[in-house]
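**Q** Dropping a structure here in structure tokens format, bear with me for questions.
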Amino acid sequence: MRSRRCCAVRLLALAVALGLSSAHSEPARAQGSYQGPLIDAHSHLPNLQVLDAYVEAMKRHNVADVLLLGVGGVQKQDVEWIAAAAKRHPVRVLQAAPVPDPLGPGQAKALDALLASGQYRAAGEVHVRQVSRQIERKADDPAFGQVLEVAAKHGVPVVIHAELTPEAAQELEAALRQHPKATIILAHGGSAEPAVLEGLLARHANLMVDLSGMHYLRKPSLATEGGPLNPAWKRLVEKMPDRFLMGMDVWARHLFEPATLDRLMRWTRRILGELSPEVAQKVAYSNAARLFKAP
């Protein structure tokens, strides 16, 4: 009898140990998805027809607001489409003033005229360096500096697409240093390693980072569709929770299929759920609400 009882105790202890091991190996499932409010801090429209599908997905997944950005001069109708979207859904759409060519003649003056209307919460997306489109612009170019100064005057941040190399990071750092009153949001994590961003963020209080477009369909990604959040990214976000925003970066038309939007938004909430509740709430909502003066 004693032998059976000892065997049962050992089996119970083994089961408990295995259960604890499993719980520690799957932190995302144990903690669950983030359930709080969410602002999509970076998305685009390929046309107005997709807008309703996106707003319906926002309702299903408790996405309070979306910042709609221009696409760096790719689409001539960005100003009109973003304005129409805000008129149709004024409670949900936050407008960004497009900046087609940050180094183009008269760009700062054109941005000044747009921002003077008071209807815009940000400027961009400004394409500074994008390899796929063969765009190579210097972030510390004086013409872009004028754009930054105009945005600072109106109190709106500038969202930039800048795929960082060591040289591009130095140019970005120079722009941040030369225009301390301008807030720059580096989109898509700058396609950089967390260690690179940590140094930039530590040295420049006027830099923010959005994690848009870093989902499982693109590279670099924060996580696969079912896998855990990259540990290096998790450590940096937890260390500097006031400096990050979350965004979907939908633009391609196929991403607006309801099933695809559901997958992207579920993934976003799952990844946020791996952060501590306080950090998740800042990254998902509070930082963007403050920066874009969301109602």
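The values are calculated or read from the model by the stated rules, or taken from the named source; none is laboratory data. The model shown is predicted, which means the values in this text are computed figures rather than measured ones. Neighbour counts are summed over all protein chains in view; Cβ atoms, including those assigned to glycine, are modelled from backbone coordinates with ideal geometry.
**Q** Taking residue 78 as meeting all but one of (1) out of contact with any Gly (no Cβ under 7 Å at 6 or more places or on another chain); (2) without any contact (Cβ under 8 Å) to a residue 60 or more places away in the chain; (3) under 19 Å from residue 212 (Cβ atoms), write down the number of the exception.
**A** Single failed check for residue 78: (1).
**Q** I would also like to ask the following. Mind checking which helices (runs of 4 or more DSSP H) fall wholly inside region 192-295 and carry at least 2 residues that are in contact (Cβ under 8 Å) with a residue 12 or more places away in the chain and touching a helix residue (DSSP H, G or I) at 6+ places or on another chain (Cβ under 7 Å)?
**A** 194-203, 231-239, 258-272, 277-281
**Q** Quick check, is residue 253 out of contact with any Leu (no Cβ under 7 Å at 6 or more places or on another chain) and either of a type in the set (D, E, K, R) or modelled with pLDDT under 95 (or both)?
**A** Yes.
**Q** Could I ask something else about it? Taking residue 259 as the residue in question, decide whether it is surrounded by 21 or more Cβ atoms within 10 Å (Cβ to Cβ), out of contact with any Phe, Trp or Tyr (no Cβ under 8 Å at 6 or more places or on another chain) and at pLDDT 95 or above.
**A** So residue 259 does not fit the description; no.
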